[in-house]
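For reference, the structure is listed below as structure tokens.
The values are calculated or read from the model by the stated rules, or taken from the named source; none is laboratory data. The structure displayed is predicted, hence computed values, not measured ones. Quick reminder, even Gly has a Cβ in these numbers, built from the backbone with ideal geometry, and neighbours come from all protein chains shown.
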Amino acid sequence: MNDDISKRRLGRGLAALIGEMDQPAPVGEGRSTVSADRMVPIEFVSRNPKNPRRYFDEAVLQELAGSIRQHGIVQPVVVRTRDRDRFEIIAGERRWRAAQLAGLVEIPVIVRDVDDRTALELAIVENVQRADLNPLEEALGYEQLIAEHGYTQNDLGEIIGKSRSHVANSLRLLKLPDQVRNMLADGSLSAGHARALVPTSDPVALARVITSKGMSVRDAERLAQNDIKAQNAPAPDAASAASMKDSDTLALERSLSDRLGLSVTINHKGAGGQLRIAYKTLEQLEEICRLLEAAR
């Protein structure tokens, strides 16, 4: 119970801190509405290796770098102290990367003294609230918090301001094979498309169909439902299998059965197939062997 209370308090504290970090930036003045603690050499700042965000669009970075050259960094980068005069990014890695492209030698930072756990939480919450993560990155971030810090889905929902079902649906994406996860990460599939594929028999094949045909999420859901129904359909019994055979095959089965006095089944598969003769006694087996020997 105490752990639940402390997590709720931490969630409110994180939300408040993120709100402070996420103030809207002014246009055209080159200043932030959140004042920087200091200016530091850009080479003294390093990325957080546990930042859930893995993908940075190069075109967006170049566009931001052009803005930074003209106006400077409007929103300071939030960091924590790692060693003497060395800092690790908590929030703002995209601004830091763009600043390097823009050739800045110093960047404005806000220093927060937080532990590894809080730094990870802040990185995930900040990215989620800014919608900077693709669906796969978001799911991996949630999984990391659950695995490393024992958060429940309800805890995460409270901290990030989303429903428990949103968190649960995000985590379901991690059940998909790597090929589909890569399509989700690069934007070929949306989270809605990908969620529909989780319970299907061959998510990779269905994902290719969806992307090649440009299907909507609704169409993808129908495709997935058809696959699931096919998985759950009962196997055809002997009568239904027989009804699928052509008339020549059925006639040949009857003819052989009449000649042998035994049950004969023929199953075609492509150019080949199987001929099955069912016997009930050893005498019937011996008669089959005698007939085969006589036919040599």
**Prompt:** (1) modelled with pLDDT of 90 or more; (2) assigned to a helix (DSSP H, G or I); (3) over 20 Å from residue 62 (Cα atoms): which one isn't true of residue 122, the others all being true?
**Reply:** (1)
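Go through the range 156-185 and give me each residue that's part of a loop (DSSP other than H, G, I, E, B) and free of Cβ contacts under 8 Å to residues at least 24 places away in the same chain. Even if it seems obvious, please write down each step before you answer.
Taking the range 156-185 and keeping what is part of a loop (DSSP other than H, G, I, E, B), we get 161-163, 176-177.
Answer for the range 156-185, where residues must be part of a loop (DSSP other than H, G, I, E, B) and free of Cβ contacts under 8 Å to residues at least 24 places away in the same chain: just 163.
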**Prompt:** Of the residues in the range 189-229, how many are assigned to a loop (DSSP other than H, G, I, E, B) and of a type in the set (S, T, N, Q)?
**Reply:** 4
**Message:** If residue 81 satisfies all but one of (1) hydroxyl-bearing (Ser, Thr, Tyr); (2) out of contact with any Leu (no Cβ under 9 Å at 6 or more places or on another chain); (3) in contact (Cβ under 8 Å) with a residue 60 or more places away in the chain, what's the number of the condition it fails?
**Reply:** (3)
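Please enumerate the residues belonging to the range 63-80 that are of a type in the set (S, T, N, Q) and more than 33 Å from the chain's Cα centre (by Cα).
70
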**Prompt:** Do we have residue 53 as modelled with pLDDT under 90 and either surrounded by 16 or more Cβ atoms within 10 Å (Cβ to Cβ) or acidic (Asp, Glu) (or both) here?
**Reply:** yes
**Prompt:** What residue, among those in the range 205-233 that are crowded, with 16+ Cβ neighbours inside 10 Å and out of contact with any Gly (no Cβ under 9 Å at 6 or more places or on another chain), is nearest to residue 136 (Cα to Cα)?
**Reply:** 207
**Complete:** Residue count, the range 179-212, condition under 24 Å from residue 53 (Cβ atoms) and out of contact with any helix residue (DSSP H, G or I) (no Cβ under 9 Å at 6 or more places or on another chain), comes to 2
**Prompt:** Taking residue 98 and the conditions (1) closer than 25 Å to residue 187 by Cα; (2) surrounded by fewer than 20 Cβ atoms within 10 Å (Cβ to Cβ); (3) of a type in the set (A, V, I, L, M), which numbered condition does it fall short on, given that it satisfies the others?
**Reply:** (2)
**Complete:** Selection from the range 241-265 of residues in contact with an Asp or Glu (Cβ under 9 Å, 6 or more places away or on another chain), surrounded by 15 or more Cβ atoms within 10 Å (Cβ to Cβ) and either at pLDDT 75 or above or not in a helix (DSSP H, G or I) (or both) yields 245, 262, 264, 265
**Asked** Got at least one residue in the range 181-204 being in contact with a Lys or Arg (Cβ under 6 Å, 6 or more places away or on another chain) and surrounded by fewer than 21 Cβ atoms within 10 Å (Cβ to Cβ)?
**Response** yes
**Request:** Those residues that are more than 19 Å from the chain's Cα centre (by Cα) and of a type in the set (D, E, K, R), I need them from the range 98-140; list them, please.
**Result:** 106, 112, 113, 115, 116, 117, 121, 126, 130
